[in-house]
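Chemist: Structure below; questions to follow.
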Amino acid sequence: MNKNKLKAVDLKIFIIPLVIITGIFLGVDAIMIKSIKNYYFNHMKEESLNFAKSYSHSLTKASEAYEIVNGLLEEKLLVASKMTVSSYGHHSNEVLTELANNLKVDEIYTYNPQGEIIYSNKGEYLGWKAYEEHPVYDFMISNSRSLVEDIRQDTESGVYYKYAYLKLFDGHFVQIGVLADKIQNFLGAFEMHQLLDEMKKDGVVAQIYFIDNDFNVLGSTDNELVGRKVTNREVKTAIDTNEEYGFINNLNGENVYEVFVPVYFQDKKIGTLCVIQSLKDTEEVVRQITILGLVTLSIIYASLLYGLTSTYNKNKKLINLAYYDSLTGLPNKAY
């Protein structure tokens, strides 16, 4: 056995474990980094989904409250109409003024069977006559005895009101109106953009917006999004199939997680809520823990490498002592 062969055998004993340890180190590194990322991003997904479900529930409750309050307002208008009709035989501008004050409404008009205003609480529009295709005319010729309209613009003043109508048996009818500003102030707490802004106030989410079933953004904490249409194919598919869906996206140069959750009201889907959370904090946590893990593994790897190197150097010295002359460096008798 020559000197080179001794060295080859000696190196082989240490190189093979070193290669194996290096491979294990790199493999553990890759698995650790992937596991850390998956853990924190899955946690973020679950958290975002929980937020979205919670906000979705809030929207559903708000919708229910809106319907109840709006129903009460309509009921109030009908009650006011009935009370106005009950005093029909005594109608005059002054009587309607007193009724409007007592009933807390803004406008009361009495019409004759031809659709002409004969009394007004404000003394305005006396003699005005409803014409074809006008909402008052449509009610006058209809078979309905009562009607409560959605908020609309008054054709004469341009001011927005919510009107109710009630017919008498002789063809006369009354019209009661409440200013839309008052209604909006009352119902404003249930408006979409206000609800979304309230949800965002806790600072947990970066952005929230509501999408109708035709992919239009109806409300958003970012006003620029309102009126836009969703174009992402996967999101549209999720909305169509009523599925919860989430993905990582880049928004204004920052990574975010977007989650989409369907919103229901009375077992009917009314839209989809999107909740966006920034990944900045999550990415920072992942980075710090990854660095800490890499440093720990590197210390272990360096320790093993140092142990192998020390053992190799020690064995090399033992071989030299055993097989070579310490003065000349030539092979000895044992060699």
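Chemist: Out of all the residues in the range 70-100, which are open to solvent by 70 Å² or more (accessible area, probe 1.4 Å) and over 18 Å from Val178 (Cα atoms)?
Modeler: Going residue by residue through the range 70-100, those that are open to solvent by 70 Å² or more (accessible area, probe 1.4 Å) are 72, 75-76, 79, 82-83, 86, 89-90, 94, 98.
Hits for the range 70-100 are Ser86, Gly89, His90, Glu94.
Chemist: Filter the range 231-264 for residues that are over 12 Å from the mean Cα position of the chain (by Cα) and open to solvent by less than 30 Å² (accessible area, probe 1.4 Å); which is nearest to Ile211 (Cα to Cα)?
Modeler: Top of the filtered list is Ile239.
Chemist: Now for a different question. Check off (1) part of a loop (DSSP other than H, G, I, E, B); (2) more than 12 Å from Ile276 (Cα to Cα); (3) at pLDDT below 80 for Asp214 and give me the number that stays unchecked.
Modeler: (3)
Chemist: Test each condition in (1) within 28 Å of Asn42 (Cβ to Cβ); (2) open to solvent by less than 70 Å² (accessible area, probe 1.4 Å) for Thr311 and report the one that comes out false.
Modeler: Thr311 satisfies every listed condition except (1).
Chemist: Further question on the same structure: Looking at the range 137-165 only, could you name the residues that are charged (D, E, K, R) and either crowded, with 19+ Cβ neighbours inside 10 Å or assigned to a loop (DSSP other than H, G, I, E, B) (or both)?
Modeler: Listed by number, the residues that qualify are Arg145, Glu149, Asp150, Asp154, Glu156, Lys162.
The values are calculated or read from the model by the stated rules, or taken from the named source; none is laboratory data. Computed from a predicted model, the values in this text were never measured in an experiment. A quick note on method: Cβ atoms are made from the backbone with ideal geometry, for glycine too, and the neighbour counts reach across all protein chains shown. Please note that ligands, DNA and RNA were not included when accessible areas were found on the heavy atoms of the full protein model with its side chains. Shrake-Rupley method; radii C 1.70, N 1.55, O 1.52, S 1.80 Å.
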